[in-house]
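Asker: My questions will all concern the structure given below.
The values are calculated or read from the model by the stated rules, or taken from the named source; none is laboratory data. All values reported here derive from a predicted model rather than from experimental measurement. Backbone-built Cβ (ideal geometry, glycine too); neighbour counts: all protein chains shown. Just so you know, the surface numbers come from the protein's heavy atoms only, side chains and all, with ligands and any DNA or RNA stripped out. Shrake-Rupley method; radii C 1.70, N 1.55, O 1.52, S 1.80 Å.
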Amino acid sequence: SDAHRAKFVEAGQGHVLKFLDALEGDAAAQLAQQINEIDPQAVNESLAGAEAELQGAAKDAQVDPPTPESTATLGTMTPENTAAWERRGLEAIASGLVVACVLGGGQGSRLGYDGPKGMFQLGLPSNKTLFQLFAERVLKLQSLAAANADVKPMPFVVMTSPGNHSTTVDFFKSNGFFGLKEEQVDFFPQGTIPSLYSDGKIMMQSASCIATNPDGNGGFYPALHKSGVLDKLIARGAKYMHVFAVDNILARPADPRFVGFCLDRNADCGNKVCWKRSPDEAVGVVAMRNGKPSVVEYSELDEARKKPSR
């Protein structure tokens, strides 16, 4: 529409419209749809915010270890602790309060596989894929939760990408949802944002298509809401969600001990991590940034703050 075109001009992104009036048919419809869906001012503000955070985060932030009351380590857990947390977690799962969500939008290119990463066969004797392993772990968790209570089917949510959504859905359907009930499995595609040049201008993939990329970890929340899956989960009575990456083969979907720990601490959000192998290992750490829980990247830590350990 003319109003959407005006927004691109006002935001300094008018070059996107350069070929619009010369396009015809599907090409014109494709670009017009993107123009109607993208908020160019929000794109500009997002870039400005990211640049400001990048410039100030490392040197200006006060970074401290997590507070003892907000954490638990294998070394400090007692058998009584873990048993109590597991019971509480299984009770929540049996009541239908817990959702397992796998982030499956990535492609298997780096694995030499042309398709969604979750459909990659790992070379196991069983020929199981990542998606199958996680679905079967959800099934096993249901059976554990059912040992002491009537259990509701545990919602299992798969985040896809716009490019592999239908392929992923078809894969689950053709495999009978790996023993899960079809109604307990939901799919939604991750969001995308326009790709930008270093000067902040929106990048064109072609004359009729704005180049886009996945919108990052934070985009999970609006995509879940926009898809309608969030409303569906709330209507079922779900309250808690365990989110994990599809290429984390060791992940325990909705680990009842972890769920129980988070419930015991009345936590808004929880995170499971491993100790660094050494101070110089180039991975981020969980810490308090300016008094708030955060993941602090390795590149943001000075030498003194890389050294403290357990």
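Asker: Mind checking the per residue accessible area of segment 72-197 for me, 1.4 Å probe, whole number of Å²?
Answerer: 49
Asker: Then there's this: In the chain, what percent of the accessible surface is made up of carbon and sulfur (1.4 Å probe, ligands and nucleic acids excluded)?
Answerer: Carbon plus sulfur share of accessible area: 53 percent.
Asker: Tell me, rounded to the nearest percent, the portion of alpha carbon pairs in segment 20-143 spaced more than 23 Å apart.
Answerer: Considering segment 20-143, 71 percent of its Cα-Cα pairs are separated by more than 23 Å.
Asker: Let me ask something else. From the helices alone, meaning DSSP H stretches of at least four residues, give me the mean residue ellipticity at 222 nm for the chain, per-run term -39500 (n - 2.57), in deg cm²/dmol to the nearest 500.
Answerer: Details: 10 runs with 113 residues, N = 310.
Rounded to the nearest 500, it is -11000 deg cm²/dmol.
Asker: In Å², what does the accessible area per residue of segment 218-310 work out to with a 1.4 Å probe?
Answerer: 67
Asker: Also: Along the charge dipole of the chain, pointing to its positive end and built from +1/-1 on Cβ of Lys, Arg, Asp and Glu, which listed residue (93, 38, 233) has its Cα farthest out?
Answerer: Value computed over the given set: 93.
Asker: In the chain, what percentage of the DSSP-assigned beta bridges are antiparallel, given to the nearest 5?
Answerer: The antiparallel fraction comes to roughly 50 percent.
Asker: Moving to a separate point now. Sort out for me the Cα centre separation of segment 24-43 from segment 129-163, rounded to whole Å.
Answerer: Result: 38 Å between the Cα centres.
Asker: Right, another one. State which entries of 272/292; 173/239; 181/272; 140/181; 7/226; 117/226 exceed 20 angstrom in Cα-Cα distance in the structure shown.
Answerer: 173/239; 181/272; 7/226; 117/226
Asker: Continuing with this model, one more query. Gaussian network model of the chain, Cα springs within a sub-10 Å range: biggest mean-square fluctuation belongs to which of 115, 14, 96?
Answerer: Among 115, 14, 96, the largest mean-square fluctuation in the Gaussian network model of the chain belongs to 14.
Asker: Can you work out D for the chain in µm² s⁻¹ from Stokes-Einstein, where Rh is the Kirkwood radius over C-alpha pairs, the temperature is 20 °C and the viscosity is 1.002 mPa s?
Answerer: 96
Asker: Write down the percent of antiparallel bridges among all DSSP beta bridges whose residues are both part of segment 108-261, to the nearest 5.
Answerer: Bridges in segment 108-261 are about 60 percent antiparallel.
Asker: So who's got an amide H within less than 5 Å of the one on residue 193, skipping anything under 5 residues away but keeping other chains? H placed 1.01 Å off N, in plane.
Answerer: 213, 215
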